[in-house]
Amino acid sequence: MPTNIYPDCHTGHGSAQHSHNLSIFHIADGLADGLSHFSGASRTALIYGVNPGDPLKIYDPQNLLDGHELLLKKIYLESEDWKQNADKAETLKLFDPVIPAEDLGLTGLISFGGMSQSAFYQMWFTEHHPDICNTGPTKRWLEHATWLLSHDLATCSEFYSSMSDYILREYATHAVRDFLVDELNVRVGWDIQMRVYPVLDAVLNISKTMEEGAWPRGKLAFVLRSLMGTIQDLVQFPELERPSLSNFKHVRKLLQAVETSERYLVSDGSLIVGIGTGELPPHAIVADYAGTHGFVSFEGELICSFFDGRFHSSTRRANLVQVEEILLESSMETGQSSELLQTIKKLVHYAEDHKRGCTLVIDLNQEPMNISGQKLQDPLDLTTEAHLDLAMSLSKVDGALHLRPDMKLFGFACILDGRAIPGEDRARGARFNSALRFTAMNDNIVVIVVSSDRPVSILQSGVELTAHCYWKPVSSCMRTPPTLKDWIDSRSR
C-alpha cells in the first residue's frame, strides 16, 4: 500500500506542528511575493496561537517587526485586551467566518487579524510603503491570508496550503475589488447594481489599448444607475445604441472625446451611457487614464494605480522621506526645512510628470560650494513663483541644479565629478554614478537623481539611501516558530 504523503494533523503533535508550519510558510511566502508585485519589495510577519491555551508564536523570517518589541510586549504579554473576542471565537464552528481582531496600528506597518475555531488568534503584518495610494486593498489582502490560514488549519491538508500560496501571489485585482465592494456596501447597501470585476477588467484592458499610436487619456466614470440623474450635464447615447463596456477598442476611441477636458465618459458598469460634465455623483468609481498609466479613485479618494496591465498601490510620485529626515536632523529651523522640502518636491514632481531626467544638489554647508556649471550673478529666490517656474525649465538642461537651504538657486547645468568608488552601478548610467562619486567626496551634500523612466534616487556620502533591500528567500523546511515571549526576550539581552 502506498504511504499517505498528507499527514493527518489530528493523529499526533508532531504531524500537527508540521502541517501548521507548512501552511504558515506557504501563505506568508505567497503573501510577500504578491504584495511585492503590488507595492514594491514587501516583507510579511505573523503572530498567532492555534489553540486558546497556546502561548502566542511569531513567524518573522525577514525581521519586519524589529523595533516593535516593547509595543508587542505591552499589547500581548502585559495585557489580555487582545483576547476580547475569545468567547465568541470559542463558540464558532469549524468553517464559520473569521471574527476580525482589533488593528494594532503599529507605525510603518499595515496589519489585519482575526479569531476562528481552527486558529484561535492570528495577526498578519506587512510594510506600509510611503508612496501607497490607499491601505484598503492591502488590508483586504491580509484579510484573505487570515481566512486562508484558518481554512488550511481546519482541513489539515498540504494540498490546500500550497494552493493558498498561488492564490495570494495573484490577488491584486481581487484585493482592489474586495475593497471597493466593501466601501459600496457601507455607503449604498448590499444591493449594488454594478459588478465590480467587469469594471476592473475593462479598466486594465482599455489601458492596454492604443488608438492611432497613442495610449489612452481621460476619465471613465462608473456610476450607479440610480444616480445617473444627478450628473449635471449628461449627454446620453440612445439606449439601444450604447457601446458595450467589454468592447475595449470602441471605448478607447470614445475616450478621445474627453481628453484634456473636464468631460468624462459615463458607464453603468455594463454599457457606455454617455458623456458627462461637472461634479461626479456620489459613489462613483473613476478610472483616470494618463497615457502609459492611470489611477482608480472612489468618491474622490485615490485607491490604486495601474500600469503594465496590472494594479499597483504606488502613487507614482517620489515621497522623498529620506530627504525630509535629513532636513529635520540638520541645523535648519522646522519652518525653513519644511519650505525647502516642498520646493524640492515641486521640482522632482515636475521632472517626473514630464518624464525628464534631472539632478538636484542640496548644499547644506555653511557657505555655498563652488560647483562647476552655469552660475547666476544673483541667485534665484525660489519662494517666488516665477523663479520656481524658471528653475523647473532650467532643470531640463543637462547637468544639476544647485540649491541652498535659504531657498536660493545658485546655478544650473552643474557638472558633478569625483573618483570611482565601490558600489557604482553601471546599469544606472552616468547621471547616477557621477552623483554617487560627488557625494562620496563632499560632506553636507544631498543629491537627488530623477531618471526619465521614473526612479528617483537620493544619495549622500557615496550611498544610495533609496536602494532596495533584497533579502534571501526563506527555506520551506522551517523550524517551529518561537513563542512571542522568547522572541522578545532574545532581543532584550
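The values are calculated or read from the model by the stated rules, or taken from the named source; none is laboratory data. What you see is a predicted model, and the numbers here were worked out from it, not measured in a lab. So basically every Cβ, Gly included, is an ideal-geometry build from the backbone, and we count neighbours across all protein chains shown.
Of all the numbered requirements in (1) in contact with a Lys or Arg (Cβ under 7 Å, 6 or more places away or on another chain); (2) surrounded by fewer than 19 Cβ atoms within 10 Å (Cβ to Cβ); (3) over 17 Å from residue 413 (Cα atoms), residue 386 misses one, and that requirement is (1). Take residue 396 and decide whether it is at pLDDT below 95, out of contact with any helix residue (DSSP H, G or I) (no Cβ under 9 Å at 6 or more places or on another chain), basic (Lys, Arg) and not in a helix (DSSP H, G or I). Spelling it out, it is not the case that residue 396 is at pLDDT below 95, out of contact with any helix residue (DSSP H, G or I) (no Cβ under 9 Å at 6 or more places or on another chain), basic (Lys, Arg) and not in a helix (DSSP H, G or I). Selection of first residues in the range 372-386 that are free of Cβ contacts under 8 Å to residues at least 40 places away in the same chain and assigned by TED's automatic domain parsing to the domain that holds residue 406 and of second residues that are in a loop (DSSP other than H, G, I, E, B) and not aromatic (Phe, Trp, Tyr), restricted to Cβ pairs under 7 Å at least 6 apart or on distinct chains, gives the following pairs, ordered by first then second residue: 381/407; 382/407. Scanning the range 389-433 for residues that are hydroxyl-bearing (Ser, Thr, Tyr) and surrounded by 19 or more Cβ atoms within 10 Å (Cβ to Cβ) yields a count of 1. The single condition among (1) within 18 Å of residue 459 (Cβ to Cβ); (2) loosely packed, with under 15 Cβ neighbours inside 10 Å; (3) within 32 Å of the chain's Cα centre (by Cα) that residue 356 does not satisfy is (1). Return yes or no: is residue 10 more than 33 Å from the chain's Cα centre (by Cα) and at pLDDT below 90? Judged against the criteria, residue 10 is a match. The helices (runs of 4 or more DSSP H) found wholly in the range 156-267 and carrying at least 3 residues that are in contact with a His (Cβ under 8 Å, 6 or more places away or on another chain) and in contact (Cβ under 8 Å) with a residue 60 or more places away in the chain occupy 158-169, 172-187.
What number of residues within the range 71-87 are within 31 Å of the chain's Cα centre (by Cα) and closer than 15 Å to residue 51 by Cα? So the answer is 3. When residue 331 is tested against (1) surrounded by fewer than 17 Cβ atoms within 10 Å (Cβ to Cβ); (2) of a type in the set (Gly, Ala, Ser); (3) closer than 19 Å to residue 383 by Cα, exactly one condition is not met: (3). Looking at the structure I just gave you, is residue 257 crowded, with 17+ Cβ neighbours inside 10 Å, aliphatic (A, V, I, L, M) and under 29 Å from residue 218 (Cβ atoms)? So residue 257 does not fit the description; no.
Comparison of 37, 68 shows that the only residue that is under 30 Å from residue 176 (Cα atoms) and without any contact (Cβ under 8 Å) to a residue 60 or more places away in the chain is 68.
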